Amino acid sequence: MYPQQVHKYLSVFFKETSCQILSNHPDYITVQLTIDMDKKIMNRPFYWRNIESTGGVPNPALLNLITDQNKLGADVKGEVVHFGSPRLNRLFQTTKELGAFVLMYERVLGKGEAQTILTPWLGVNYKVSYYSDQTMEMLYSFGINLITGIVREDFQESLHEVNLETYQSKHTFNLPFIIKPVRGLERLDKIIEQIIEQDDHLWAEEAKGRWQKDQDILEYFYEGMENKPECYEMEKQAMKEQYEARIKIEIINGGLFYMK
Amino acid sequence: MKIERSTEWKEGFMNRLDNVEPWNNWELYKMSYEVVKANIISDFSGLQSPKYLPNLTPLAHQLEAAETVIERMNGKAILADEVGLGKTIEAGLILKEYLIRGLVKKALILAPASLINQWVEELNYKFYIPAIPYRKNTPIEYYDIVVMSMDTAKRSPHRELIHAQNYDMIIIDEAHKLKNHKTQIYEFVQSLKKKFCLLLTATPVQNDVFELFYLISLLKPGHLGNLEAFQSSFSDSKHDDYLKELVKQVMVRNRRQNTGIEWTNRRVQIIPIEFSEEEKEVYDLIVDLKNISPVFSGAFSMITLQKEMCSSKEATYLTLNKMRQNCTNEEEIDHVETVIQKLMALEINSKVEKAYEIITEANDKVIIFTEYRATQAYLQWYLNTKGITSVLFNGKFSKSKRDWMKRLFQEQAQVLIATESGGEGINLQFCHHVINYDLPWNPMKLEQRIGRVHRLGQEYDVHIYNLAINNTIEQNILDFLYAKIDVFEKVVGELDDILSTF
């Protein structure tokens, strides 16, 4: 993320979370947090506990966030926010929490009395991580039609072309599910598992090879020792934690989409 | 294979379907997806960390070292760059990479007490790693990245506290302090679980190859075989090439020359000095003491006395006087008294005169390293009589006192007189002359001393003067140093000039 992208991100984030943006300069942004947002991103539980128990006047933070330090003079004071800064990570985390589940409808411009039929889709965005002593991550976005069971790849990207709203347009009719959303989710979960199953897991084999090699070295060190010391077991445990291949499936977010 | 998944999202989703909780914001939903997409780690190899670090421009050799450690050494390595090439930066890059990749959650950094604040600052400001310095009663279970002194860590109750944590990564700075496997700190580090581990030292071998054996056995037991196998294969130096190859598999060592950076030259020379007749006489009398009294028969104390005599009469007097008190025989006491009288009657110190000559010729800032506090004080007094300003420096100084002395040296005094322990963790690039007034037995100490000035940021050639008095123990020290440098170069690799430029 470049400074401009970070800046845009912050603008949208604070707008969407109802924090008042007091000034929005191209290279910095001043924002008055709401009480809710202060609790989420400022990491000061003691302050809030104290305010709440004493009934004090809450004073949520006013932040001056600098997005491009290089373009600013020394007179602007504030916190520099960049890709990788703890503050931005916190905001990413909050975004994830506040954007995990949606219910959206395709916008339909009503013409006469004719009803437009909307089909329910379940869209889910997955992150799959492969771990050993190394890592790799993959992002999958799938949508399943809850009437026909048809599955669409790159679902999230395909939504760019659809005009979505949080409320249902007039003169539209939602088809009831034939496949329950929870069953749909199970089907998508299955597909992810199949993808993983069919993937090339050379990485895991290689990690196992590295593990075996280290294990052999360790065995050699303690060879012929009757009562192996405690650190022998510990080294073995450390190797297991270091090299053992693991796969993690994580749902970033998902939702119901009624579309034409 | 183990697949980890959580039902958390499913439960939240069902709550929304049942209208128990409200649906979320569409803009934030899209942003969340975009953020994950931007942060995705799409390859097992390659470094992610640099793009997260706008305030740091790592040098090519530092990036390469980090990649090598992660991809070829599986995160267990000795970082043995020459002094001043940025081992801390390399360690920071590696730690950051593992943090980003989610492979490390908790890390412990052990460093000499004097370097703790420096570590904490660098990790926080350069790497955005929220490290905290460990103080008494720091609740370490609440902090993921802790920097602690080795001396603290090895003692109760701190060691038990550390054992109760589950650290994914251990980083040990100045790891040559672990060369002796019989020490408490060695045993402590051995008892730690080391999933990922970095040992930082510019001087992995100080005396003999066994130090390297113990260091590597800490990191990766068995890599050099067990002690028996190692002894029979490598102690006679016939297989040094093979050993060097094995060492290379777990050690990254960048040399100044290979960094692609223009380095200023090191001009190292041995300055031979002749004792005056009077000094020579006293020196010989001291050597002869072992024939006079059993108090002086111990090899160690004799060597100390000889070394001190090569340094200053002030240093010699302290030891000699103490030893005289151990003499019981009247005759012996008288003899030693005579020697002390002759010693104190000396009016000339040939070595200090030479040092003064060098300082005058340099006409610039100079650092003098001595092994003795008494000599340190004497040097300051002597230089003062010649109108040369100086400040003292030693390892016991607190951080603020060190900084203060450094500033005094930079802004006001011409000479900084440091004792050995003052060598670590102070950077004096503004100075280009180093006098090794006394020679240490350990060549790596010389390297550490020189590294204070010959490091990144030095703009001038650096002059090193090694003072050695002819026909004294200092000649033996020189021979010994050459032999040790030879061992180092055979198993670790070339060493920059520290004794003399050929």
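The values are calculated or read from the model by the stated rules, or taken from the named source; none is laboratory data. Computed from a prediction, not measured in an experiment: that's the story for all the values here. Neighbour counts run over all protein chains shown; Cβ positions are idealised from the backbone, glycine included.
Can you name every one of the helices (runs of 4 or more DSSP H) wholly within segment B:271-332 that holds 1 or more residues which are of a type outside the set (V, I, T), over 36 Å from the mean Cα position of the chain (by Cα) and surrounded by 14 or more Cβ atoms within 10 Å (Cβ to Cβ)? Reasoning before the result, please.
Numbers: elements: B:277-288, B:299-309, B:313-324.
Where helices (runs of 4 or more DSSP H) fall fully within segment B:271-332 and carry at least 1 residues being of a type outside the set (V, I, T), over 36 Å from the mean Cα position of the chain (by Cα) and surrounded by 14 or more Cβ atoms within 10 Å (Cβ to Cβ), they are B:277-288, B:313-324.
Look through B:I89, B:I145 and report the one residue that is in contact with a Pro (Cβ under 9 Å, 6 or more places away or on another chain), within 30 Å of A:I247 (Cβ to Cβ) and not aromatic (F, W, Y).
Working: B:I89 fails: within 30 Å of A:I247 (Cβ to Cβ).
From the options B:I89, B:I145, the qualifying one is B:I145.
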Quick one: is A:W211 buried (at least 16 other Cβ atoms within 10 Å of the Cβ), more than 8 Å from chain B (Cβ to nearest Cβ) and within 26 Å of A:E241 (Cβ to Cβ)? yes
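Output yes when any residue across segment A:81-99 is among the small types (G, A, S) and closer than 30 Å to A:F173 by Cα, and no when none is. First the steps, then the outcome.
First pass over segment A:81-99, keeping only residues among the small types (G, A, S): A:84-85, A:99.
From the residues that got through so far, the ones that are closer than 30 Å to A:F173 by Cα too are A:99.
Yes, segment A:81-99 contains at least one residue that is among the small types (G, A, S) and closer than 30 Å to A:F173 by Cα.
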Note on B:W26: of the conditions (1) crowded, with 21+ Cβ neighbours inside 10 Å; (2) more than 18 Å from B:F127 (Cβ to Cβ), unmet is (1)
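Of the residues that sit in segment A:82-131 and are part of a helix (DSSP H, G or I) and aliphatic (A, V, I, L, M), which one is surrounded by the most Cβ atoms within 10 Å (Cβ to Cβ)?
Initial filter on segment A:82-131 (part of a helix (DSSP H, G or I)): A:86-98.
Subset that is aliphatic (A, V, I, L, M): A:88, A:91, A:98.
Values: A:L88: 22, A:L91: 24, A:L98: 22.
Ranking the qualifying residues of segment A:82-131, first place goes to A:L91.
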Sole miss for B:T57 among (1) part of a loop (DSSP other than H, G, I, E, B); (2) among the hydroxyl-bearing types (S, T, Y); (3) in contact with a strand residue (DSSP E or B) (Cβ under 9 Å, 6 or more places away or on another chain) is condition (3)
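From the list B:I170, B:I162, B:I216, which one is in a helix (DSSP H, G or I), under 19 Å from the mean Cα position of the chain (by Cα) and of a type in the set (A, V, I, L, M)?
Details: B:I170 fails: in a helix (DSSP H, G or I); B:I162 fails: under 19 Å from the mean Cα position of the chain (by Cα).
When all the criteria are applied, what remains is B:I216.
Output the number of residues of segment B:230-262 satisfying the condition of being assigned to a loop (DSSP other than H, G, I, E, B) and surrounded by fewer than 19 Cβ atoms within 10 Å (Cβ to Cβ).
Our first condition is that a residue be assigned to a loop (DSSP other than H, G, I, E, B); within segment B:230-262, this holds for B:235-239, B:249-250, B:253-255, B:260-262.
Applying the additional criterion that residues be surrounded by fewer than 19 Cβ atoms within 10 Å (Cβ to Cβ) yields B:235-239, B:249, B:255, B:260-262.
The qualifying residues number 10.
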- Item | Qualifying residue in segment B:347-358 (condition: under 28 Å from the mean Cα position of the chain (by Cα) and over 27 Å from B:E281 (Cα atoms)) | no
Within segment A:220-233, of all residues that are within 7 Å of chain B (Cβ to nearest Cβ) and either part of a helix (DSSP H, G or I) or polar (S, T, N, Q) (or both), the one surrounded by the most Cβ atoms within 10 Å (Cβ to Cβ) is A:F221
Per the list (1) crowded, with 16+ Cβ neighbours inside 10 Å; (2) without any contact (Cβ under 8 Å) to a residue 40 or more places away in the chain; (3) out of contact with any helix residue (DSSP H, G or I) (no Cβ under 7 Å at 6 or more places or on another chain); (4) not basic (K, R), residue check on B:W381 breaks on (1)
Hey, any hits in segment A:239-247 for a residue that's of a type in the set (A, V, I, L, M, F, W, C), without any contact (Cβ under 8 Å) to a residue 24 or more places away in the chain, over 30 Å from B:M31 (Cβ atoms) and buried (at least 16 other Cβ atoms within 10 Å of the Cβ)? no
Every listed condition ((1) more than 19 Å from B:V252 (Cβ to Cβ); (2) under 20 Å from the mean Cα position of the chain (by Cα)) holds for B:I78 save (1)
Hey, any hits in segment A:99-119 for a residue that's hydrophobic (A, V, I, L, M, F, W, C) and without any contact (Cβ under 8 Å) to a residue 24 or more places away in the chain? no
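Out of B:L481, B:L428, which single residue is farther than 21 Å from B:V205 by Cβ and not in a strand (DSSP E or B)?
Working: B:L481 fails: farther than 21 Å from B:V205 by Cβ.
Only one candidate qualifies: B:L428.
Out of segment B:354-377, which residues are touching a strand residue (DSSP E or B) at 6+ places or on another chain (Cβ under 9 Å) and assigned to a helix (DSSP H, G or I)?
Correct list: B:K354, B:A355, B:I358, B:I359, B:A362, B:R373, B:T375, B:Q376, B:A377.
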The one condition B:A60 fails out of (1) more than 10 Å from chain A (Cβ to nearest Cβ); (2) of a type in the set (G, A, S); (3) over 29 Å from the mean Cα position of the chain (by Cα) is (3)
Contact list, first residue from segment A:168-197 and touching a residue at least 24 places away in the same chain (Cβ under 8 Å), second anywhere and surrounded by 13 or more Cβ atoms within 10 Å (Cβ to Cβ) and of a type in the set (D, E, K, R), beta-carbon distance below 7 Å, six or more apart or interchain, is A:S169/A:R107; A:L185/B:K10
Next on the checklist: Here is a check on your reading of the model: is B:K51 out of contact with any helix residue (DSSP H, G or I) (no Cβ under 7 Å at 6 or more places or on another chain), surrounded by fewer than 17 Cβ atoms within 10 Å (Cβ to Cβ) and either within 11 Å of chain A (Cβ to nearest Cβ) or at pLDDT 90 or above (or both)?
Outcome noted: yes
Scanning segment B:129-157 residue by residue, those modelled with pLDDT under 90, under 25 Å from B:E97 (Cα atoms) and assigned to a loop (DSSP other than H, G, I, E, B) turn out to be B:I129, B:P130, B:Y143, B:D144
When segment B:183-203 is checked residue by residue, the ones that are closer than 13 Å to B:I78 by Cβ, part of a loop (DSSP other than H, G, I, E, B) and more than 8 Å from chain A (Cβ to nearest Cβ) are B:T201, B:A202, B:T203
The correct count of residues that are surrounded by 12 or more Cβ atoms within 10 Å (Cβ to Cβ), assigned to a loop (DSSP other than H, G, I, E, B) and out of contact with any helix residue (DSSP H, G or I) (no Cβ under 8 Å at 6 or more places or on another chain) in segment A:45-74 is 1
- prompt: charged (D, E, K, R) and in contact with an Asp or Glu (Cβ under 8 Å, 6 or more places away or on another chain) - does that describe any residue in segment B:284-294?
  reply: no
Scanning segment A:162-186 residue by residue, the ones that are more than 15 Å from A:L256 (Cβ to Cβ) and either hydroxyl-bearing (S, T, Y) or more than 13 Å from chain B (Cβ to nearest Cβ) (or both) total 4
Practice prompt. State whether the residues of segment A:17-38 include one that is assigned to a helix (DSSP H, G or I) and touching a helix residue (DSSP H, G or I) at 6+ places or on another chain (Cβ under 7 Å).
Written response: no
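I'm checking my understanding of the structure. Among residues of segment B:204-229 that are in contact with a His (Cβ under 7 Å, 6 or more places away or on another chain) and either more than 27 Å from B:E67 (Cβ to Cβ) or more than 14 Å from chain A (Cβ to nearest Cβ) (or both), which one is surrounded by the most Cβ atoms within 10 Å (Cβ to Cβ)? Give the steps one after another, and end with the answer.
Our first condition is that a residue be in contact with a His (Cβ under 7 Å, 6 or more places away or on another chain); within segment B:204-229, this holds for B:204, B:206, B:214, B:216.
Add one more test, that the residue is either more than 27 Å from B:E67 (Cβ to Cβ) or more than 14 Å from chain A (Cβ to nearest Cβ) (or both), and what stays is B:204, B:206, B:214.
Values: B:P204: 25, B:Q206: 19, B:Y214: 19.
Filtering first and then ranking leaves B:P204.
Being on the phi > 0 side of the Ramachandran plot, surrounded by fewer than 18 Cβ atoms within 10 Å (Cβ to Cβ) and not in a strand (DSSP E or B), is that true of even one residue in segment B:416-424?
If we filter segment B:416-424 for residues that are on the phi > 0 side of the Ramachandran plot, which is where we start, we get none.
No: segment B:416-424 contains no residue that is on the phi > 0 side of the Ramachandran plot, surrounded by fewer than 18 Cβ atoms within 10 Å (Cβ to Cβ) and not in a strand (DSSP E or B).
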